[in-house]
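The values are calculated or read from the model by the stated rules, or taken from the named source; none is laboratory data. Predicted model only: the values in this text are computed from it and were never measured. No Cβ is skipped: glycine too gets one built from the backbone with ideal geometry, and neighbour counts run over all protein chains shown.
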Amino acid sequence: MSERLALYSYWRSSAAYRVRIALNLKQLAYDTLPVHLVRDGGEQHKPDYTAHAPQALVPMLVHGERRMRQSMAIIEYIDETWPQMPLLPSTAAARQRVRELAQLVACEIHPLNNLRVLRFLEHEWRVPQPERESWIAHWVQSGLGAFEALLAVEGALLGPFASGDRPGLADCCLVPQLYNARRFGVDLSPYPGLLRIETACLALDAFDRARPEQQPDAP
């Protein structure tokens, strides 16, 4: 597996942020290929990009001749291809728990405050900004509250990270979502367990280097 990896990314995309964390945790070198999601109507809509990414979304990972889309599928491909420093636990029960937490973010919170959803609300339905902000806050708070509750229920099983004693798939999803929550002005004080996990994660180089402001296309 010596082919160089390349990641089509946008500095502030939380889905791309997840993949950057996973690549860094695996200590894999990769090239960043920026796709600006706003400039000129969004570079993700250009024909040369949609020819390989029909949904016009980032991230897209290139490994040799393979082009992969959907951040969760990409992360699991990375984990299976480079098994060192696994991102999922060794037992089926523990993997289920980690996937549950990760999908709570990736499937339930993130899609409802994605850029294309917010643009649709603004431009197609003419939803005013205060109502859009209320929409965002509602779904973020609902999801993070559920995540926090699951940590409380299973607290005895946890280490410093959402995945246990070492960072993994759930942490890759949680940290970018907390970044997004702050972008939208969501109060995170009701979620001390999530903030504890975030602090542990951001103390690691793999998470620090994945931060949006550290990316080559950050303004």
Query raised in the report: Name the residues in region 160-178 that are out of contact with any Gly (no Cβ under 7 Å at 6 or more places or on another chain) and part of a loop (DSSP other than H, G, I, E, B), would you?
Result: Pro160, Ala162, Ser163, Arg166, Pro167, Gly168
Report summary line: Within region 67-91, residues loosely packed, with under 11 Cβ neighbours inside 10 Å and in contact with an Asp or Glu (Cβ under 9 Å, 6 or more places away or on another chain) come out as none
Query raised in the report: Hey, among Ala170, Ala162, Ala156, which residue is modelled with pLDDT under 95, within 23 Å of Ala16 (Cα to Cα) and aliphatic (A, V, I, L, M)?
Result: Ala162
Query raised in the report: What tally of residues in region 117-127 results from selecting those that are under 15 Å from Leu37 (Cα atoms) and without any contact (Cβ under 8 Å) to a residue 12 or more places away in the chain?
Result: 3
Report task. Give the residue, chosen from Ala106, Ala181, Ala94, that is touching a Cys at 6+ places or on another chain (Cβ under 7 Å) and either surrounded by 14 or more Cβ atoms within 10 Å (Cβ to Cβ) or assigned to a helix (DSSP H, G or I) (or both). Result -> Ala106
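Is there a residue being outside any helix (DSSP H, G or I), in the same structural domain as Ala149 (by TED's automatic domain parsing) and more than 20 Å from Pro216 (Cα to Cα) anywhere in region 41-62? Steps first, please.
Within region 41-62, the subset outside any helix (DSSP H, G or I) is 42, 46, 51-62.
So of that shortlist, the ones also in the same structural domain as Ala149 (by TED's automatic domain parsing) come out as none.
Looking for residues that are outside any helix (DSSP H, G or I), in the same structural domain as Ala149 (by TED's automatic domain parsing) and more than 20 Å from Pro216 (Cα to Cα), one finds none in region 41-62, hence no.
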